[in-house]
Amino acid sequence: MRAPISVIIPTLNAETCLGACLASLMPGVEAGLIRELIVTDGGSTDATVEIAKEWGAEVLEGSPSRGAQLARGCRAAQGDWLLVLHADTRLNEAWVGPVAKHLRSPDAAWFRLAFEDGGGAGRMVAAWANLRSRMGLPYGDQGLLVPATLYARVGGYPNQPLMEDVAIARALKGHLIGLDVIATTSAARYKKQGWLRRGARNLWTLIRYFAGTPPQQLAQSYRG
């Protein structure tokens, strides 16, 4: 029987972190859980694509819209389950057991967020993120494990450059479970912009999205 999980990772100039993300998945390969690695790249100008190929990933290339990248990767996936991870996120070593157990469930799942070298501020932000997730709104840096049939039923990732993770979480409402697996993500952007400023910016962007601001407009202001 073929391994059940297709891993989909969106990338854009991720050469400094992609290797660690892929390395964290190797216990799943050894346990017979991972069928394929799909890196869906948005036009990297560094060594991201080469690194992905060295790890044996299938690389899909296209426009640098994360929603479009994820939709493209999920369309190509052949597994019964989809595991979506950001390139700067890695799963803790004990992830295989909880994930294998969850494969008997019909629901999607997210992982508990932690920040690498985040200190006290990072623990506070992660605690809020995990609380928000228990209320049904996990973000993309917490990963998403979803049955391919459920993914198709809710319509998959929308073709939008920002808030694609919020859109699919809302579509999966009532079908999201938190797993006892830690997803450690980079704190670089928070440290660069300031924990309070970055957190406030994320919250304001979410509020504007819920109020109906187009994702394209949000992306311009968010990345400007």
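The values are calculated or read from the model by the stated rules, or taken from the named source; none is laboratory data. This one's a predicted model, so the numbers in the text were calculated from it and none came from an experiment. Don't worry about glycine lacking a Cβ; one is built from the backbone with ideal geometry, like all the others, and counts go over all protein chains shown. For the accessible areas, the whole protein counts, side chains as well, though only heavy atoms, and no ligand, DNA or RNA atoms are used. Shrake-Rupley method; radii C 1.70, N 1.55, O 1.52, S 1.80 Å.
What number of residues within the range 207-224 satisfy the criterion of being surrounded by 13 or more Cβ atoms within 10 Å (Cβ to Cβ) and closer than 30 Å to SER24 by Cα?
2
Kindly check whether there is at least one residue in the range 88-111 that is at pLDDT below 95 and under 30 Å from GLN220 (Cα atoms).
No, the range 88-111 has no match at all.
Cβ-Cβ distance below 7 Å, separation of 6 or more or different chains: which pairs start in the range 17-40 with a residue that is more than 13 Å from ASP88 (Cα to Cα) and in contact (Cβ under 8 Å) with a residue 12 or more places away in the chain and end on one that is open to solvent by 20 Å² or more (accessible area, probe 1.4 Å) and of a type in the set (D, E, K, R)?
PRO27/GLU93; ARG35/ARG2; GLU36/GLU58; LEU37/GLU58; ILE38/GLU58; THR40/ARG72
Looking at (1) over 17 Å from the mean Cα position of the chain (by Cα); (2) more than 22 Å from SER24 (Cβ to Cβ); (3) charged (D, E, K, R), find the lone condition where LYS191 falls short.
Result: LYS191 fails condition (2) only.
So which helices (runs of 4 or more DSSP H) stay within the range 45-107 end to end and still have 1 or more residues that are buried (at least 22 other Cβ atoms within 10 Å of the Cβ) and either in contact with a Phe, Trp or Tyr (Cβ under 8 Å, 6 or more places away or on another chain) or polar (S, T, N, Q) (or both)?
Qualifying helices (runs of 4 or more DSSP H): 48-54, 66-76.
Name the one entry in GLU61, GLU50 that is more than 16 Å from SER186 (Cβ to Cβ), among the acidic types (Asp, Glu) and touching a Gly at 6+ places or on another chain (Cβ under 8 Å).
GLU61
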